[in-house]
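The values are calculated or read from the model by the stated rules, or taken from the named source; none is laboratory data. These numbers come from a predicted model, not from an experiment. With ideal geometry, Cβ positions are generated from the backbone for all residues, glycine too; neighbour counts draw on all protein chains shown.
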Amino acid sequence: MKSLAIFASGRGSNAQNIIRYFRQSKSIRIRLIVSSHEKAGVLDIARNEGIPSLVLDKKEYYGSGESLVKSLTDYQIDGIVLAGFLWLVPTYLIENYPHAIINIHPALLPKYGGKGMYGMHVHEAVWKNKENHTGITIHEVNERYDEGKTLFQATCPLSPQDLPEEIARKVHELEYAHYPRVIEEYFNSQ
Ligand code: GAR
């Protein structure tokens, strides 16, 4: 059995979907929710699901990270799944979890990636450029935003009438359909 932590900064609809997917799993257990924001919706999800959670202290996180690493060790976390987590992952985490941190990005990297490219900012940029398709990228995490090895991509067509909200809806559908299964395959093959 592998124990995973989900890191999320926002409402946590992907986190909810992942938790649901693994509820009965015999190989993967969602053991901890970590959030960068004390008001994040994902913390309500953790409470409702009876999953322990913690809120990061920014200084500590970008500093030694000692208390975060201790918590991850205490909960015997084997891997980390980012689901709408906005802070850069520091070197100490990558060193503690080599090839065991993955992220989902709401576009087809390397397009629409990098610092500041998250959530609706991505969908607005895709819309402004009149793209006729977009998609998702699931990738390993390294020290730079959105640059780790790509594990999986899926695309969806866009029509000229699709506003950023509709683009976001289509991308979320892809995320819900694929992220849990890719997490399962990735961590079960290690
Ligand atoms: C998701 O679309 C995820 O791909 C995106 O944030 C959203 C979180 O939604 N992540 C990024 O933009 C990271 N650069 P959620 O809180 O409802 O799961």
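Figures for the structure shown
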{"quantity": "Hits in region 152-178 (condition: more than 14 Å from the chain's Cα centre (by Cα), farther than 14 Å from Leu108 by Cα and surrounded by 15 or more Cβ atoms within 10 Å (Cβ to Cβ))", "calculated": "Asp162, Pro164"}
{"quantity": "Extreme residue, surrounded by the fewest Cβ atoms within 10 Å (Cβ to Cβ), among residues of region 94-112 that are within 16 Å of the ligand (Cβ to nearest atom), touching a residue at least 40 places away in the same chain (Cβ under 8 Å) and farther than 25 Å from Lys39 by Cβ", "calculated": "Leu108"}
{"quantity": "Residue in region 137-151 that is crowded, with 16+ Cβ neighbours inside 10 Å, polar (S, T, N, Q) and touching a helix residue (DSSP H, G or I) at 6+ places or on another chain (Cβ under 6 Å) present", "calculated": "no"}
{"quantity": "Residue in region 71-93 that is touching a residue at least 12 places away in the same chain (Cβ under 8 Å), on the phi > 0 side of the Ramachandran plot and buried (at least 21 other Cβ atoms within 10 Å of the Cβ) present", "calculated": "yes"}
{"quantity": "Any hit, region 153-172, residues being β-branched (Val, Ile, Thr), more than 12 Å from the ligand (Cβ to nearest atom) and closer than 19 Å to His121 by Cα", "calculated": "yes"}
{"quantity": "Verdict on Glu124 being within 13 Å of the ligand (Cβ to nearest atom), surrounded by fewer than 21 Cβ atoms within 10 Å (Cβ to Cβ), part of a helix (DSSP H, G or I) and modelled with pLDDT of 95 or more", "calculated": "yes"}
{"quantity": "Count of residues meeting criterion [modelled with pLDDT of 95 or more, hydroxyl-bearing (Ser, Thr, Tyr) and assigned to a loop (DSSP other than H, G, I, E, B)] in region 127-169", "calculated": "1"}
{"quantity": "Qualifying residues in region 21-43 (those that are in contact (Cβ under 8 Å) with a residue 24 or more places away in the chain and charged (D, E, K, R)) - the one surrounded by the most Cβ atoms within 10 Å (Cβ to Cβ)", "calculated": "Arg31"}
{"quantity": "Set Glu66, Glu60, Glu38: member being among the charged types (D, E, K, R) and within 16 Å of the ligand (Cβ to nearest atom)", "calculated": "Glu38"}
